[in-house]
1. Could you calculate the FRET efficiency of T12 with D64 from 1/(1 + (r/R0)^6), where r is the beta carbon distance between them and R0 is 22 Å, rounded to 0.05?
2. May I ask you to give the percent of accessible area on the chain that is carbon plus sulfur, with a probe radius of 1.4 Å?
3. Could you state the angle between the C-alpha long axis of helix 34-45 and the longest principal axis of the C-alpha atoms of the chain, as a value from 0 to 90 degrees rounded to the nearest 10?
4. Please give the per residue accessible area of the chain, computed with a probe of 1.4 Å over protein heavy atoms only, in Å².
5. Residues of segment 60-90 with the amide nitrogen closer than 19 Å to a label point 7 Å from the Cα of Q19, along Cα-to-Cβ, please.
6. Quick check: from the Cα gyration tensor, does the chain come out rounded (a/c under 1.5), prolate or oblate?
7. Please compute the length gained on full extension between L81 and L45, using 0.36 nm multiplied by the number of residues separating them and subtracting their Cα-Cα distance.
8. Roughly how tilted is helix 17-27, in degrees to the nearest 10 and between 0 and 90, from the longest Cα axis of the chain?
Amino acid sequence: AARRVPFVTCSTCTGTDEQALAIAARTGGAVESMEGAAIVQVARLSHIPVGEIRGISNIARRRDRASWRIEEAAAAARRALVEWIKAGGC
């Protein structure tokens, strides 16, 4: 289901449960987004409205690639984008 949550960025991938809990406690963020952070930063500096649609494939914790749900995440992102366009976009 689509929902809005705060994103945070960090200079490394979270690879342990302890790191994930520490970042969440320190920032209140619900999603790590290293890739989108640069675009958001430049847009804000340029006073351009910006948002990010993202499909979440895994929870930040100990890396267990077997549990990642990449196809489901891509489908969820696609559905969110289509819903946003149908609702009038920006």
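1. Working from the Cβ atoms, E equals 0.80.
2. Of all accessible area on the chain, carbon and sulfur atoms account for 56 percent.
3. Helix 34-45 and the main axis of the chain meet at about 40 degrees.
4. Counting only protein heavy atoms, the per-residue value for the chain is 80 Å².
5. Once the point is set 7 Å along Cα→Cβ of Q19, 60-69 turn out to lie under 19 Å by backbone N, inside segment 60-90.
6. Working: a/c = 2.33, a/b = 1.27, b/c = 1.83.
Note, shape of the chain comes out oblate.
7. Between L81 and L45, full extension yields an extra 10.5 nm.
8. Between the helix axis and the principal axis of the chain, the angle is about 50 degrees.
The values are calculated or read from the model by the stated rules, or taken from the named source; none is laboratory data. Quick caveat: nothing in here was measured; it's all calculated off a predicted structure. So basically every Cβ, Gly included, is an ideal-geometry build from the backbone, and we count neighbours across all protein chains shown. Each accessible area value is taken on the protein alone, full model and side chains, heavy atoms only, with ligands, DNA and RNA left out. Shrake-Rupley method; radii C 1.70, N 1.55, O 1.52, S 1.80 Å.
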